[in-house]
Amino acid sequence: MPFRRVKFVFKTERIKSPVIYELGHKFEIVTNIRRADIDSENGWVILELEGAVDEIERGLEWVREQGSEVQNLDGDILAG
């Protein structure tokens, strides 16, 4: 099954929202947290997402609609 590495950047108002949990339940996507840095004001998470390509795309669009930034990390040294 295909997978992608991405980075989510959360704004202050979204820090306490269960975005990753909801992503895995609303879409047929397996989430694997690789790294994260979150405090009370902002945060980021590096994830591996596994699922069908179109399902991952739909899920990432939903994350953007929730107010989080999504960065593609495929080929990035941080994704390792």
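Taken together, the values in this text are just the output of simple stated rules run on the coordinates, not laboratory data. Owing to the predicted nature of the structure, the values given are computational and were not obtained by experimental measurement. Quick reminder, even Gly has a Cβ in these numbers, built from the backbone with ideal geometry, and neighbours come from all protein chains shown.
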Reported set for the range 21-45 where residues are among the basic types (Lys, Arg) and under 20 Å from Lys11 (Cα atoms) is Arg34, Arg35
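Out of Val9, Val30, Val53, Val63, which single residue is crowded, with 19+ Cβ neighbours inside 10 Å and either touching a strand residue (DSSP E or B) at 6+ places or on another chain (Cβ under 7 Å) or not polar (S, T, N, Q) (or both)? Walk me through it before giving the result.
Values: Val9 fails: crowded, with 19+ Cβ neighbours inside 10 Å; Val30 fails: crowded, with 19+ Cβ neighbours inside 10 Å; Val53 fails: crowded, with 19+ Cβ neighbours inside 10 Å.
On inspection, the qualifying residue turns out to be Val63.
Yes/no per residue for (1) in contact with a helix residue (DSSP H, G or I) (Cβ under 8 Å, 6 or more places away or on another chain); (2) closer than 13 Å to Trp62 by Cβ:
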site	(1), (2)
Val9	no, no
Glu13	no, no
Leu23	yes, yes
Lys26	yes, yes
Ile29	yes, yes
Arg35	yes, no
Asp39	no, no
